[in-house]
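Inspection log for the structure reproduced underneath, given as structure tokens.
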Amino acid sequence: MSGRVFAVASGKGGVGKTTTAVNVAAVMAEADRSVVLVDADLGMANVDHVVACDESATATLHDVLADDAALTDATAAAPAGFDVIVGGTTITDFGRADPSALPDVAATLRDRYDCVIVDTGGGLSHDTTVPLGLADETVLVSTRQTAALANTAKTRALVERVGGHVAGAVVTRVTDDAGGADAGHGDAAAATLQTDILGLIPEDSRVADSERAGTPLVSLAPESPAAQAYRELAYTLLDEPLPVSFRDGDASGDAASGLMAASAPSGAPTDDGSGAGAATGDDQTRDASILWRLTGGLLGSNGKR
């Protein structure tokens, strides 16, 4: 078995990078993949602040990188069916860890898991650069703030310089303040980042609820707007269609299809693979569903309110 390694990166902290990594890992586990999330933010490890792991780990990634422990010693189980390689949180841990050992860690995990999600540090540093070069795909995460986009564009350039591959970018905390998900949020970010936009994650109060609960959003509130968007993102990375149960038969499924259509890169194929995106009689319902998701159900229900 040779698993795929996905790095999740950003140009600065506080843009939802770790939340994205956690929820992508949870959805890939939901899709029957064996998944491990590696907390490779060597200076500010914080995956354990977003998801509550069990207490089976007796060491950290920092111990592994210092050659003081085995990977199995640093492995804990997360609530949504995936494993986590936990990170150390002290200055001493940071000083002991050797980032040059990360390729060996990744190679070992490729043999054990279908999907390896690497949560990298924010900004540009040596310990951030190493994961970007060893990953099969890097997912950039940014908000729409000018500074965040500019810094994330530097991260994209760094990925290319170290021989990595950028799968695309995710824009988080999208609000309806400018007319909806299809009102240019993705276009503006794509122009700055010079890459495809894989998804738009709407502002959603349930994200904070999930962090307080220590449970991935896609498990705690699977029908919430952001959870649906994270689910679409993960299946896009797996290069698989969203399961029918999330596309048809209920309001949340309809909304998921709507936002995916709005946030897909220009020219992305429709379900029939044509890429045509021809208008149908369901367009108004789809647009209402998008608005319903972005406003947490306040607007867009059956096209009303």
Residue in region 14-47 that is nearest to Ala150 (Cα to Cα), counting only those that are touching a Gly at 6+ places or on another chain (Cβ under 8 Å) and part of a helix (DSSP H, G or I)
Lys17
Residue tally, condition surrounded by fewer than 17 Cβ atoms within 10 Å (Cβ to Cβ), of a type in the set (A, V, I, L, M) and within 17 Å of the chain's Cα centre (by Cα), over region 198-237
1
Could you list, in sequence order, all residues of region 66-101 that are at pLDDT below 95 and part of a helix (DSSP H, G or I)?
Ile91, Thr92, Asp93, Phe94, Gly95, Arg96, Pro99, Ser100, Ala101
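In this structure, is Val162 out of contact with any strand residue (DSSP E or B) (no Cβ under 6 Å at 6 or more places or on another chain), β-branched (Val, Ile, Thr), surrounded by fewer than 18 Cβ atoms within 10 Å (Cβ to Cβ) and closer than 24 Å to Ala45 by Cβ?
So Val162 fits the description; yes.
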From Thr75, Thr143, Thr60, residue being closer than 19 Å to Gly16 by Cα and among the polar types (S, T, N, Q):
Thr143
Exclusive hit being surrounded by 14 or more Cβ atoms within 10 Å (Cβ to Cβ) and more than 28 Å from Ser210 (Cβ to Cβ), set Leu132, Leu124
Leu124
Cβ pairs under 6 Å, 6+ apart or interchain, first in region 120-135 and of a type in the set (Ser, Thr, Tyr), second in a helix (DSSP H, G or I), ordered by first then second residue, are Thr120/Thr128; Thr120/Pro131
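If you check Gly11 against the conditions, is it part of a loop (DSSP other than H, G, I, E, B), small (Gly, Ala, Ser) and in contact (Cβ under 8 Å) with a residue 60 or more places away in the chain?
In short, yes.
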Ala74 versus (1) farther than 23 Å from Lys154 by Cβ; (2) among the small types (Gly, Ala, Ser); (3) surrounded by 19 or more Cβ atoms within 10 Å (Cβ to Cβ); (4) in contact (Cβ under 8 Å) with a residue 40 or more places away in the chain: which is the lone unmet condition?
(4)
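The values are calculated or read from the model by the stated rules, or taken from the named source; none is laboratory data. Everything numeric here is computed off the predicted structure, so don't read it as measured data. For neighbour counting, all protein chains shown are included, and Cβ atoms are generated from backbone atoms with ideal geometry for every residue, glycine included.
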